[in-house]
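Peer 1: Mind having a look at this structure? Questions to follow.
The values are calculated or read from the model by the stated rules, or taken from the named source; none is laboratory data. Every value quoted in this text rests on a predicted model; they were computed, and no experiment measured them. Neighbour counts are summed over all protein chains in view; Cβ atoms, including those assigned to glycine, are modelled from backbone coordinates with ideal geometry. The accessibility values were calculated without ligands, DNA or RNA, using every heavy atom of the protein model including side chains. Shrake-Rupley method; radii C 1.70, N 1.55, O 1.52, S 1.80 Å.
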Amino acid sequence: VILRLPSAAPVFAGHYPDYPVLPASLVVELCCAVLNTHKAIDPLRDGWRLTTSRFTGAIRPGDVVTVHVAGRDGGFDLRVDARQSLAAELSFRPSNGVPAAPRTGDDPAPAPFRPASGFLPQRYPLMVVDQVAITPDGQSGRARKLLSYGDYAFRRFSPERNGPDEPAYPVGGVIEGIEQAAAAVLSQRWDMADPDHVILVGGLRDLDFHGQAHPGEIIDFATAITMLTDRLAILSGAARVDSRLLLSIGRIHVLRMERRS
């Protein structure tokens with residue numbers, strides 16, 4: 001599969017200031033769409049797990065992106081290239097229906113929710129979460145998003161064109177919400193506005209798809225730190241609507257890297 005990313009795509013404008021790249025969450029969504037379109041497999045509905053992934057190169061505005069799919073061990077391995085070099089590798093395998101990730105965020109938020117803009121540098125339309133709450137020890141946190149028909153993700157929906165069924169929030173947005181909850185927690189340790197560094201997701205492991213969210217629902221994103229250094233953080237995360245699990249991630253690898261032009 002070959003596609004060109006428009007230079008003016010709003011997602012790039014919403015990323016970290018002066019560092020427009022395609023977020024890891026949307027790379028996962030792209031690969032899910034490729035499997036759905038070309039292999040007749042919908043990871044969101046058919047009981048699949050993203051067992052491993054690593055994001056090794058930036059995908060920038062205007063890049064030509066190539067996705068290669070190979071069947072292996074009953075699943076699929078995908079390689080994503082940009083500018084003729086490796087940008088990401090992802091492996092999907094059937095799951096047994098049991099989440100691989102530990103439970104995260106079962107307890108009520110221990111701190112008041114505050115506007116997400118006070119924690120994160122992302123901007124519309126990539127700012128996914130509305131509110132954030134961080135535990136006093138800074139080790140875990142929660143974020144919330146109220147879905148409505150006014151959301152950017154539903155801008156093209158209309159009952160006349162799409163039918164009466166309510167649209168589902170994109171999986172990339174759910175993953176991005178967990179990642180932004182993680183970034184909000186890390187903002188208590190790392191300077192998100194540091195002009196000399198950029199903070200990126202380097203890999204996701206044991207990501208399970210469980211369900212979808214619709215307009216009118218509130219998504220609760222939860223995350224907790226399991227390891228932290230000056231340059232690497234490992235967290236777990238989950239997204240729920242009330243008690244209904246949408247998505248869980250066993251390990252989120254977040255890198256703090258020197259910014260390159």
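Peer 1: Which residues, counting only those in the stretch 128-154, are modelled with pLDDT under 95 and farther than 18 Å from A183 by Cβ?
Peer 2: Correct list: P136, S148, Y149, G150, D151, Y152, A153, F154.
Peer 1: Is it the case that E166 is touching a residue at least 12 places away in the same chain (Cβ under 8 Å), under 22 Å from R123 (Cα atoms) and open to solvent by 10 Å² or more (accessible area, probe 1.4 Å)?
Peer 2: On the way: touching a residue at least 12 places away in the same chain (Cβ under 8 Å): yes; under 22 Å from R123 (Cα atoms): no; open to solvent by 10 Å² or more (accessible area, probe 1.4 Å): yes.
So E166 does not fit the description; no.
Peer 1: Related question: Would you please name the residue that is farthest from A13 (Cα to Cα), looking only at residues in the stretch 126-140 that are touching a residue at least 12 places away in the same chain (Cβ under 8 Å) and open to solvent by 30 Å² or more (accessible area, probe 1.4 Å)? Explain how you work it out, then say what you get.
Peer 2: At the first step, the residues of the stretch 126-140 found to be touching a residue at least 12 places away in the same chain (Cβ under 8 Å) are 126-136, 138-140.
Within this subset, residues satisfying the condition of being open to solvent by 30 Å² or more (accessible area, probe 1.4 Å) are 127, 130-131, 136, 139-140.
Working: M127: 11, D130: 18, Q131: 21, P136: 33, Q139: 30, S140: 28 Å.
The qualifying residue farthest from A13 (Cα to Cα) is P136.
Peer 1: Taking the condition free of Cβ contacts under 8 Å to residues at least 24 places away in the same chain and open to solvent by 40 Å² or more (accessible area, probe 1.4 Å), does D196 pass?
Peer 2: Values: free of Cβ contacts under 8 Å to residues at least 24 places away in the same chain: no; open to solvent by 40 Å² or more (accessible area, probe 1.4 Å): yes.
Taking the combined requirement at face value, the residue does not satisfy it.
Peer 1: So, one more: Report the residue count in the stretch 246-261 for those that are under 18 Å from R54 (Cα atoms) and among the small types (G, A, S).
Peer 2: In the first step, residues of the stretch 246-261 are kept if they are under 18 Å from R54 (Cα atoms); the result is 248-257.
Imposing the further condition that a residue be among the small types (G, A, S) reduces the set to 248, 250.
So the count comes out to 2.
Peer 1: Using the structure shown, decide if P121 is touching a residue at least 60 places away in the same chain (Cβ under 8 Å), open to solvent by less than 70 Å² (accessible area, probe 1.4 Å) and not in a helix (DSSP H, G or I). Lay out the reasoning, then the answer.
Peer 2: Values: touching a residue at least 60 places away in the same chain (Cβ under 8 Å): yes; open to solvent by less than 70 Å² (accessible area, probe 1.4 Å): yes; not in a helix (DSSP H, G or I): yes.
When the stated conditions are applied, P121 passes them.
Peer 1: Quickly run through the stretch 43-56 and pick out the residues that are surrounded by fewer than 18 Cβ atoms within 10 Å (Cβ to Cβ) and modelled with pLDDT of 90 or more.
Peer 2: Within the stretch 43-56, the subset surrounded by fewer than 18 Cβ atoms within 10 Å (Cβ to Cβ) is 45-47, 52, 54, 56.
The answer is T52, R54, T56.
Peer 1: Against the conditions (1) more than 26 Å from A153 (Cα to Cα); (2) under 16 Å from the mean Cα position of the chain (by Cα); (3) among the hydroxyl-bearing types (S, T, Y), where does S53 fall short? Just the number, please.
Peer 2: Among (1) more than 26 Å from A153 (Cα to Cα); (2) under 16 Å from the mean Cα position of the chain (by Cα); (3) among the hydroxyl-bearing types (S, T, Y), the lone unmet condition for S53 is (1).
Peer 1: Follow-up question, since we're still on this one. Consider I225 carefully, then state whether it is buried (at least 19 other Cβ atoms within 10 Å of the Cβ) and touching a Gly at 6+ places or on another chain (Cβ under 7 Å). Reasoning before the result, please.
Peer 2: Details: buried (at least 19 other Cβ atoms within 10 Å of the Cβ): yes; touching a Gly at 6+ places or on another chain (Cβ under 7 Å): no.
Spelling it out, it is not the case that I225 is buried (at least 19 other Cβ atoms within 10 Å of the Cβ) and touching a Gly at 6+ places or on another chain (Cβ under 7 Å).
Peer 1: Within the stretch 237-249, is there a residue that is out of contact with any Lys or Arg (no Cβ under 6 Å at 6 or more places or on another chain), more than 22 Å from A168 (Cα to Cα) and crowded, with 17+ Cβ neighbours inside 10 Å?
Peer 2: no
Peer 1: Do you know which residues across the stretch 23-38 are open to solvent by 70 Å² or more (accessible area, probe 1.4 Å) and of a type in the set (S, T, Y)? If you could, list the steps in order and put the result at the bottom.
Peer 2: Of all residues in the stretch 23-38, those open to solvent by 70 Å² or more (accessible area, probe 1.4 Å) come to 36-38.
The one that is open to solvent by 70 Å² or more (accessible area, probe 1.4 Å) and of a type in the set (S, T, Y): T37.
Peer 1: Being open to solvent by 10 Å² or more (accessible area, probe 1.4 Å) and in a loop (DSSP other than H, G, I, E, B) is the filter here, so list the residues in the stretch 141-159 that pass it.
Peer 2: Across the stretch 141-159, the qualifying residues are S148, Y149, G150, D151, R155, R156, F157, S158.
Peer 1: Within the stretch 80-118, count every residue that is open to solvent by less than 20 Å² (accessible area, probe 1.4 Å), of a type outside the set (A, V, I, L, M) and modelled with pLDDT under 90.
Peer 2: Qualifying residue count for the region: 1.
Peer 1: Among the residues of the stretch 6-22 satisfying the criterion of being aliphatic (A, V, I, L, M) and surrounded by fewer than 19 Cβ atoms within 10 Å (Cβ to Cβ), which is farthest from the chain's Cα centre (by Cα)?
Peer 2: We begin by selecting, within the stretch 6-22, every residue aliphatic (A, V, I, L, M); these are 8-9, 11, 13, 21-22.
In the following step, the residues that additionally are surrounded by fewer than 19 Cβ atoms within 10 Å (Cβ to Cβ) were identified as 8-9, 13.
Details: A8: 21, A9: 18, A13: 17 Å.
Filtering first and then ranking leaves A8.
Peer 1: Something else now. Search the stretch 124-137 for residues being farther than 20 Å from V21 by Cα and in a loop (DSSP other than H, G, I, E, B), and hand back the single one that is nearest to the chain's Cα centre (by Cα). Walk me through how you get there before you give the answer.
Peer 2: Pass one, the stretch 124-137, residues farther than 20 Å from V21 by Cα: 130-137.
Still in the running and in a loop (DSSP other than H, G, I, E, B): 130, 135-137.
On the way: D130: 15, T135: 22, P136: 25, D137: 25 Å.
Checking each candidate, the answer is D130.
Peer 1: Just a yes or no: is a residue in the stretch 208-216 in contact with a His (Cβ under 6 Å, 6 or more places away or on another chain), modelled with pLDDT of 90 or more and open to solvent by 10 Å² or more (accessible area, probe 1.4 Å)?
Peer 2: So the first thing to find is which residues in the stretch 208-216 are in contact with a His (Cβ under 6 Å, 6 or more places away or on another chain), and the list is none.
Looking for residues that are in contact with a His (Cβ under 6 Å, 6 or more places away or on another chain), modelled with pLDDT of 90 or more and open to solvent by 10 Å² or more (accessible area, probe 1.4 Å), one finds none in the stretch 208-216, hence no.
Peer 1: Continuing with this model, one more query. Any chance you could count how many residues in the stretch 75-85 are over 21 Å from the mean Cα position of the chain (by Cα) and more than 15 Å from T52 (Cβ to Cβ)?
Peer 2: Pass one, the stretch 75-85, residues over 21 Å from the mean Cα position of the chain (by Cα): 75, 83-85.
Cutting the leftovers down to more than 15 Å from T52 (Cβ to Cβ) gives us 83-85.
Within the stretch 75-85, residues that are over 21 Å from the mean Cα position of the chain (by Cα) and more than 15 Å from T52 (Cβ to Cβ) number 3.
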